[in-house]
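The values are calculated or read from the model by the stated rules, or taken from the named source; none is laboratory data. These numbers were taken from a predicted model, which means no experiment stands behind them. Note that we place each Cβ from the backbone using ideal geometry, even for glycine, and neighbour counts take in every protein chain shown. Just so you know, the surface numbers come from the protein's heavy atoms only, side chains and all, with ligands and any DNA or RNA stripped out. Shrake-Rupley method; radii C 1.70, N 1.55, O 1.52, S 1.80 Å.
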Amino acid sequence: MTDTPVEESLFQLIRCYHQYAAREGDVETLSLEELKALLVDNVPRFMESLGRREPYFIAELFRAADKDKDDQICFDEFLYVLGRLLRDYHLQYRRQLCAHYCAQHSLY
């Protein structure tokens, strides 16, 4: 049986995490620089919105995700980052739906 699109997306997220984690140090965790590279390379719209390219944003996101404060992001902690991404992309999706609906019904 082939993977569904959602399953393939999940596997791609896992592969992406491990690809960036293997760049330096512990191959099972992300450093701050590895997380920054992962985000800039793979989710440019997320990073470009609301000044997220600023170094303080990435450092703050890293600090919030690093629950055990070991200066590394393990996969479980990376799920927090994914949650932030999903929430942001969901809001963008809802705005697009609203804009489309408003345009169709001359609500602007």
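Once R0 is set to 41 Å, what does the formula 1/(1 + (r/R0)^6) return for the Cβ-Cβ distance between residue 106 and residue 24, expressed as a FRET efficiency to the nearest 0.05? It comes to 0.15. The residues of the chain expose, per residue, 70 Å² of accessible area to a 1.4 Å probe. Among the chymotrypsin sites (Phe, Trp or Tyr not before Pro) within the stretch 1-98, not one is in coil by DSSP while having at most 11 neighbouring Cβ atoms inside 10 Å. Longest segment of the chain with no trypsin sites (Lys or Arg not before Pro) in a DSSP loop having at most 12 other Cβ atoms within 10 Å? Longest run free of exposed loop sites: 1-66. A Förster distance of 30 Å, applied to the separation of the beta-carbon atoms of residue 59 and residue 96, puts the FRET efficiency at 0.50. Ranking 88, 3, 76 by solvent-accessible area of protein heavy atoms (1.4 Å probe, all protein chains present), from largest to smallest, gives 76, 3, 88. Here the average projected area of the convex hull drawn through the C-alpha atoms of the chain stands at 9.2 nm².
Computed over the chain, the per-residue total of -39500 (n - 2.57) for DSSP H runs of n ≥ 4 gives a 222 nm mean residue ellipticity of -22500 deg cm²/dmol, rounded to 500. Put a dot 7 Å past the Cα of residue 13, heading toward its Cβ, do the same for residue 71, and the two dots end up 2.9 nm apart.
What angle do you read, to the nearest 10 degrees and between 0 and 90, between the alpha-carbon axis of helix 55-65 and the longest principal axis of the chain? It works out to around 80 degrees.
Mind checking which of 12, 44, 30 is farthest towards the positive end of the chain's charge dipole, using Cβ charges of +1 (Lys, Arg) and -1 (Asp, Glu) about the Cα centre? Most positive-ward Cα: 44. Here the 3J(HN,Hα) profile of the stretch 80-88, calculated from phi with Karplus coefficients 6.51, -1.76 and 1.60 at θ = phi - 60°, is 4, 4, 4, x, 4, 4, 4, 4, 5 Hz, Gly and Pro shown as x. Pop out the carbon and sulfur fraction of the accessible area of the stretch 65-108 as a percent, whole number, probe 1.4 Å. Using a 1.4 Å probe with all protein chains present, the stretch 65-108 comes out at 58 percent carbon and sulfur.
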